[in-house]
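> Once you've had a glance at the structure underneath, I'll fire off some questions.
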Amino acid sequence: MRKALTIAGSDSGGGAGIQADLKTFQELEVYGMSAITAVTAQNTLGVQGVYPMSTDAVVQQINSIANDIGVDALKTGMLFSADIIDAVSQQITEYNWRNIVVDPVMIAKGGASLLQQEAIAALKQKLIPLSLIITPNIPEAEVIIGMEIKTKEDKEAAAKKFIELGAKNVVIKGGHDADPLETMDLFFDGCEFAYYSSKRIDTQNTHGTGCTFSAAITAEIAKGKKVQEAVITAKDFIQAAIEENISLGNGHGPTNHWA
Ligand code: PLP
(Lines give C-alpha, C1' and ligand atoms only; values in the text may rest on other atoms or scores of the structure.)
Protein backbone atom coordinates (compact mmCIF):
# COMPACT_ATOMS: atom_id res chain seq x y z
CA MET A 1 0.00 0.00 0.00
CA ARG A 2 1.38 3.39 -0.97
CA LYS A 3 1.25 6.03 1.78
CA ALA A 4 0.48 9.73 1.44
CA LEU A 5 0.71 12.38 4.15
CA THR A 6 -1.04 15.73 4.34
CA ILE A 7 0.44 18.46 6.54
CA ALA A 8 -2.44 20.92 6.67
CA GLY A 9 -5.31 22.51 8.53
CA SER A 10 -8.55 20.88 9.63
CA ASP A 11 -11.84 22.11 8.13
CA SER A 12 -14.65 21.18 10.52
CA GLY A 13 -17.11 21.42 7.62
CA GLY A 14 -15.28 18.61 5.85
CA GLY A 15 -14.93 20.27 2.44
CA ALA A 16 -11.33 21.51 2.41
CA GLY A 17 -8.09 21.01 4.35
CA ILE A 18 -7.10 17.61 5.71
CA GLN A 19 -10.63 16.29 5.39
CA ALA A 20 -10.62 16.91 1.62
CA ASP A 21 -7.10 15.51 1.39
CA LEU A 22 -7.89 12.27 3.22
CA LYS A 23 -11.09 11.74 1.21
CA THR A 24 -9.09 12.24 -1.99
CA PHE A 25 -6.34 9.85 -0.85
CA GLN A 26 -8.98 7.23 -0.08
CA GLU A 27 -10.69 7.69 -3.43
CA LEU A 28 -7.37 7.37 -5.28
CA GLU A 29 -6.46 4.26 -3.28
CA VAL A 30 -3.50 5.38 -1.23
CA TYR A 31 -3.21 5.12 2.56
CA GLY A 32 -3.83 8.61 3.97
CA MET A 33 -2.13 10.16 7.02
CA SER A 34 -2.29 13.66 8.50
CA ALA A 35 -0.28 16.10 10.57
CA ILE A 36 -2.64 18.89 11.65
CA THR A 37 -1.20 22.43 11.71
CA ALA A 38 -4.32 24.30 12.76
CA VAL A 39 -7.94 23.60 13.54
CA THR A 40 -10.47 25.82 11.81
CA ALA A 41 -14.10 26.22 12.83
CA GLN A 42 -15.66 26.36 9.40
CA ASN A 43 -18.76 25.62 7.35
CA THR A 44 -20.08 26.45 3.89
CA LEU A 45 -20.54 30.10 4.96
CA GLY A 46 -16.88 30.67 5.82
CA VAL A 47 -14.26 30.42 8.54
CA GLN A 48 -15.50 31.31 12.02
CA GLY A 49 -12.27 30.57 13.93
CA VAL A 50 -8.61 29.59 13.44
CA TYR A 51 -6.76 27.73 16.22
CA PRO A 52 -3.13 26.98 15.35
CA MET A 53 -1.37 23.96 16.87
CA SER A 54 1.96 24.48 18.58
CA THR A 55 4.98 23.89 16.34
CA ASP A 56 5.98 21.02 18.67
CA ALA A 57 2.65 19.30 18.10
CA VAL A 58 3.16 19.48 14.32
CA VAL A 59 6.74 18.18 14.57
CA GLN A 60 5.69 15.29 16.83
CA GLN A 61 2.93 14.17 14.49
CA ILE A 62 5.38 14.05 11.59
CA ASN A 63 8.03 12.24 13.67
CA SER A 64 5.48 9.62 14.75
CA ILE A 65 4.62 8.89 11.13
CA ALA A 66 8.21 8.95 9.90
CA ASN A 67 9.57 6.72 12.66
CA ASP A 68 7.10 3.93 12.06
CA ILE A 69 4.92 4.05 8.96
CA GLY A 70 6.91 6.01 6.38
CA VAL A 71 5.80 8.32 3.59
CA ASP A 72 5.78 7.82 -0.21
CA ALA A 73 4.61 11.37 -0.96
CA LEU A 74 3.40 14.33 1.07
CA LYS A 75 1.56 17.57 0.50
CA THR A 76 1.52 20.74 2.51
CA GLY A 77 -1.60 22.89 2.70
CA MET A 78 -2.42 25.48 5.35
CA LEU A 79 0.81 25.94 7.34
CA PHE A 80 -0.22 29.17 9.07
CA SER A 81 3.09 30.44 10.53
CA ALA A 82 6.75 30.93 9.65
CA ASP A 83 7.64 28.78 12.66
CA ILE A 84 5.66 25.81 11.37
CA ILE A 85 7.09 26.27 7.85
CA ASP A 86 10.66 26.35 9.24
CA ALA A 87 10.11 23.20 11.32
CA VAL A 88 8.38 21.23 8.56
CA SER A 89 11.08 22.21 6.04
CA GLN A 90 13.76 21.00 8.43
CA GLN A 91 12.00 17.66 8.88
CA ILE A 92 11.59 17.18 5.13
CA THR A 93 15.35 17.70 4.80
CA GLU A 94 16.21 15.40 7.76
CA TYR A 95 14.04 12.57 6.49
CA ASN A 96 15.35 13.13 2.96
CA TRP A 97 11.84 13.20 1.52
CA ARG A 98 11.66 14.16 -2.15
CA ASN A 99 8.02 13.74 -3.23
CA ILE A 100 6.84 17.06 -1.85
CA VAL A 101 3.73 18.80 -3.21
CA VAL A 102 3.36 22.37 -1.93
CA ASP A 103 -0.08 23.96 -2.13
CA PRO A 104 0.70 27.53 -1.00
CA VAL A 105 -2.60 28.10 0.78
CA MET A 106 -3.00 31.74 1.89
CA ILE A 107 -6.58 32.96 2.01
CA ALA A 108 -9.89 31.06 2.07
CA LYS A 109 -12.46 32.03 -0.55
CA GLY A 110 -14.41 33.91 2.13
CA GLY A 111 -11.34 36.05 2.93
CA ALA A 112 -10.03 34.40 6.13
CA SER A 113 -6.24 34.35 6.38
CA LEU A 114 -4.76 30.85 6.54
CA LEU A 115 -1.11 32.02 6.36
CA GLN A 116 0.37 34.87 8.35
CA GLN A 117 1.84 37.64 6.21
CA GLU A 118 5.33 37.24 7.67
CA ALA A 119 5.32 33.52 6.77
CA ILE A 120 5.56 34.23 3.03
CA ALA A 121 9.32 34.76 3.23
CA ALA A 122 9.76 31.37 4.95
CA LEU A 123 7.62 29.73 2.29
CA LYS A 124 9.86 31.18 -0.43
CA GLN A 125 13.19 30.56 1.25
CA LYS A 126 12.65 27.26 3.06
CA LEU A 127 9.80 25.24 1.59
CA ILE A 128 9.58 26.07 -2.12
CA PRO A 129 13.21 24.95 -2.72
CA LEU A 130 12.23 21.49 -1.37
CA SER A 131 9.15 21.10 -3.56
CA LEU A 132 8.82 18.59 -6.36
CA ILE A 133 5.85 20.65 -7.49
CA ILE A 134 4.10 23.80 -6.28
CA THR A 135 0.43 24.39 -7.15
CA PRO A 136 -0.44 28.12 -6.76
CA ASN A 137 -3.61 29.73 -8.04
CA ILE A 138 -3.16 33.12 -9.71
CA PRO A 139 -3.57 35.31 -6.58
CA GLU A 140 -1.11 33.10 -4.66
CA ALA A 141 1.40 33.21 -7.54
CA GLU A 142 1.06 37.01 -7.67
CA VAL A 143 1.86 37.34 -3.96
CA ILE A 144 4.78 34.90 -3.99
CA ILE A 145 6.40 36.17 -7.19
CA GLY A 146 5.39 39.82 -6.71
CA MET A 147 3.95 40.50 -10.16
CA GLU A 148 0.54 40.88 -11.74
CA ILE A 149 -0.55 37.91 -13.84
CA LYS A 150 -2.99 38.90 -16.57
CA THR A 151 -1.75 37.31 -19.79
CA LYS A 152 -0.36 33.97 -20.96
CA GLU A 153 3.09 35.60 -21.08
CA ASP A 154 2.72 36.74 -17.46
CA LYS A 155 1.85 33.19 -16.42
CA GLU A 156 4.91 31.83 -18.20
CA ALA A 157 7.15 34.48 -16.61
CA ALA A 158 5.77 33.64 -13.16
CA ALA A 159 6.26 29.90 -13.77
CA LYS A 160 9.94 30.56 -14.58
CA LYS A 161 10.31 32.50 -11.33
CA PHE A 162 8.98 29.53 -9.32
CA ILE A 163 11.69 27.35 -10.88
CA GLU A 164 14.26 30.04 -10.01
CA LEU A 165 13.01 29.86 -6.39
CA GLY A 166 13.89 26.15 -6.43
CA ALA A 167 10.63 24.34 -7.25
CA LYS A 168 11.29 21.44 -9.66
CA ASN A 169 7.89 21.82 -11.31
CA VAL A 170 5.00 24.26 -11.08
CA VAL A 171 1.36 24.28 -12.08
CA ILE A 172 -0.31 27.69 -12.10
CA LYS A 173 -4.03 26.98 -11.90
CA GLY A 174 -6.44 28.81 -14.18
CA GLY A 175 -9.48 28.97 -11.92
CA HIS A 176 -9.04 32.75 -11.57
CA ASP A 177 -8.55 33.34 -15.33
CA ALA A 178 -10.66 36.15 -16.80
CA ASP A 179 -12.17 33.87 -19.49
CA PRO A 180 -15.81 33.10 -18.52
CA LEU A 181 -15.93 29.83 -20.47
CA GLU A 182 -12.58 28.19 -20.03
CA THR A 183 -9.80 27.80 -17.47
CA MET A 184 -6.21 27.19 -18.46
CA ASP A 185 -3.67 25.54 -16.17
CA LEU A 186 -0.01 26.05 -17.02
CA PHE A 187 2.44 23.25 -16.17
CA PHE A 188 6.18 23.98 -16.35
CA ASP A 189 9.03 21.61 -15.56
CA GLY A 190 11.78 24.14 -16.18
CA CYS A 191 12.09 23.12 -19.85
CA GLU A 192 8.72 23.10 -21.59
CA PHE A 193 5.35 24.72 -21.02
CA ALA A 194 2.23 22.58 -21.22
CA TYR A 195 -1.30 23.99 -21.13
CA TYR A 196 -4.33 22.08 -19.89
CA SER A 197 -7.68 23.70 -20.49
CA SER A 198 -11.10 22.77 -19.20
CA LYS A 199 -14.65 24.02 -19.43
CA ARG A 200 -15.55 26.46 -16.65
CA ILE A 201 -18.35 25.00 -14.54
CA ASP A 202 -20.96 27.45 -13.30
CA THR A 203 -21.35 26.58 -9.61
CA GLN A 204 -20.80 28.18 -6.23
CA ASN A 205 -19.88 24.80 -4.75
CA THR A 206 -16.13 24.97 -5.24
CA HIS A 207 -15.02 24.84 -1.62
CA GLY A 208 -11.85 22.76 -1.26
CA THR A 209 -11.00 22.70 -4.95
CA GLY A 210 -7.32 23.56 -4.48
CA CYS A 211 -6.86 21.11 -1.59
CA THR A 212 -8.46 18.29 -3.56
CA PHE A 213 -6.36 18.99 -6.68
CA SER A 214 -3.04 18.99 -4.81
CA ALA A 215 -4.07 15.90 -2.80
CA ALA A 216 -4.83 14.07 -6.05
CA ILE A 217 -1.39 15.00 -7.42
CA THR A 218 0.17 13.71 -4.18
CA ALA A 219 -1.74 10.40 -4.36
CA GLU A 220 -0.66 9.81 -7.95
CA ILE A 221 2.97 10.62 -7.15
CA ALA A 222 2.80 8.25 -4.14
CA LYS A 223 1.68 5.53 -6.57
CA GLY A 224 4.75 6.17 -8.71
CA LYS A 225 3.44 8.39 -11.49
CA LYS A 226 5.70 11.00 -13.04
CA VAL A 227 4.83 14.55 -12.02
CA GLN A 228 3.26 15.68 -15.29
CA GLU A 229 1.18 12.49 -15.55
CA ALA A 230 0.05 13.02 -11.95
CA VAL A 231 -1.07 16.57 -12.82
CA ILE A 232 -3.07 15.31 -15.82
CA THR A 233 -4.84 12.65 -13.72
CA ALA A 234 -5.49 15.15 -10.90
CA LYS A 235 -6.94 17.61 -13.42
CA ASP A 236 -9.49 15.03 -14.60
CA PHE A 237 -10.27 14.15 -10.98
CA ILE A 238 -10.91 17.76 -9.93
CA GLN A 239 -12.95 18.53 -13.03
CA ALA A 240 -15.28 15.61 -12.23
CA ALA A 241 -15.37 16.60 -8.55
CA ILE A 242 -16.47 20.16 -9.44
CA GLU A 243 -19.04 18.91 -11.97
CA GLU A 244 -20.55 16.61 -9.32
CA ASN A 245 -20.37 19.27 -6.56
CA ILE A 246 -22.55 18.93 -3.48
CA SER A 247 -25.11 21.51 -2.31
CA LEU A 248 -24.70 21.60 1.46
CA GLY A 249 -25.60 24.17 4.11
CA ASN A 250 -26.39 27.73 3.06
CA GLY A 251 -23.18 28.80 1.34
CA HIS A 252 -20.39 27.43 -0.82
CA GLY A 253 -20.68 23.67 -0.88
CA PRO A 254 -17.74 21.36 -1.52
CA THR A 255 -16.52 19.52 -4.57
CA ASN A 256 -17.56 15.85 -4.64
CA HIS A 257 -14.72 13.44 -3.97
CA TRP A 258 -16.72 10.41 -5.03
CA ALA A 259 -17.36 11.72 -8.54
N1 PLP B 1 -9.70 25.71 5.19
C2 PLP B 1 -8.58 25.03 5.14
C3 PLP B 1 -8.11 24.32 6.36
C4 PLP B 1 -7.85 25.01 3.94
O5 PLP B 1 -6.71 24.34 3.85
C6 PLP B 1 -8.34 25.70 2.80
C7 PLP B 1 -7.68 25.74 1.52
O8 PLP B 1 -6.67 25.34 1.22
C9 PLP B 1 -9.50 26.40 2.92
C10 PLP B 1 -10.16 26.38 4.12
C11 PLP B 1 -10.03 27.22 1.79
O12 PLP B 1 -10.94 26.57 1.05
P13 PLP B 1 -11.63 27.32 -0.15
O14 PLP B 1 -10.88 28.59 -0.42
O15 PLP B 1 -11.54 26.33 -1.27
O16 PLP B 1 -13.05 27.58 0.25
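> So Asn137 clears everything in (1) within 26 Å of Val47 (Cα to Cα); (2) in contact with a Ser or Thr (Cβ under 8 Å, 6 or more places away or on another chain); (3) within 16 Å of the ligand (Cβ to nearest atom) except one condition, right? Which one?
Of (1) within 26 Å of Val47 (Cα to Cα); (2) in contact with a Ser or Thr (Cβ under 8 Å, 6 or more places away or on another chain); (3) within 16 Å of the ligand (Cβ to nearest atom), only one is false for Asn137: (2).
> Show the residue pairs that are 6+ apart or on different chains and have beta-carbon atoms under 8 Å apart, the first residue being within the stretch 201-217 and closer than 18 Å to Asn250 by Cα, the second being part of a helix (DSSP H, G or I) and near the ligand (Cβ under 6 Å from one of its atoms).
Gly208/Gly17
> Could you count how many residues in the stretch 177-224 are under 15 Å from Phe237 (Cα atoms), touching a strand residue (DSSP E or B) at 6+ places or on another chain (Cβ under 9 Å) and of a type in the set (Gly, Ala, Ser)?
Residues flagged as under 15 Å from Phe237 (Cα atoms), touching a strand residue (DSSP E or B) at 6+ places or on another chain (Cβ under 9 Å) and of a type in the set (Gly, Ala, Ser) within the stretch 177-224 amount to 6.
> Give, as residue ranges, the strands (runs of 3 or more DSSP E) completely inside the stretch 3-86 that count at least 2 residues that are surrounded by fewer than 24 Cβ atoms within 10 Å (Cβ to Cβ) and of a type in the set (A, V, I, L, M).
31-43, 46-52
> While we're on this one: Taking only the stretch 194-211 into account, find how many residues are more than 16 Å from the ligand (Cβ to nearest atom) and small (Gly, Ala, Ser).
3
> Just wondering, is there one or more residues in the stretch 105-124 that are farther than 21 Å from Cys211 by Cβ and either in contact with a strand residue (DSSP E or B) (Cβ under 9 Å, 6 or more places away or on another chain) or at pLDDT below 95 (or both)?
Checked the stretch 105-124: at least one residue is farther than 21 Å from Cys211 by Cβ and either in contact with a strand residue (DSSP E or B) (Cβ under 9 Å, 6 or more places away or on another chain) or at pLDDT below 95 (or both).
> Being hydrophobic (A, V, I, L, M, F, W, C) and farther than 27 Å from Glu243 by Cα is the requirement here; does Ala141 meet it?
Against the criterion (hydrophobic (A, V, I, L, M, F, W, C) and farther than 27 Å from Glu243 by Cα), Ala141 does not qualify.
> Is it the case that Ile92 is under 20 Å from Asn137 (Cβ atoms), surrounded by 14 or more Cβ atoms within 10 Å (Cβ to Cβ) and away from the ligand (no atom under 14 Å from the Cβ)?
no
> Scan the stretch 183-213 residue by residue and report those that are in contact with a helix residue (DSSP H, G or I) (Cβ under 9 Å, 6 or more places away or on another chain) and over 16 Å from Val170 (Cβ atoms).
Residues satisfying the conditions are Ser198, Lys199, Ile201, Thr203, Asn205, Thr206, His207, Gly208, Thr209, Cys211, Thr212.
> Here is a follow-up. Could you check the stretch 1-28 and list, in sequence order, the residues that are among the charged types (D, E, K, R) and more than 12 Å from the ligand (Cβ to nearest atom)?
Arg2, Lys3, Lys23, Glu27
> Here is a check on your reading of the model: is Ala219 in a helix (DSSP H, G or I), in contact with a Phe, Trp or Tyr (Cβ under 6 Å, 6 or more places away or on another chain), more than 15 Å from the ligand (Cβ to nearest atom) and among the hydrophobic types (A, V, I, L, M, F, W, C)?
yes
The values are calculated or read from the model by the stated rules, or taken from the named source; none is laboratory data. Bear in mind the structure is a predicted one, so any value in this text is a computation, not a measurement. Here the Cβ is made from the backbone with ideal geometry for all residues, glycine too, and neighbour counts use every protein chain on show.
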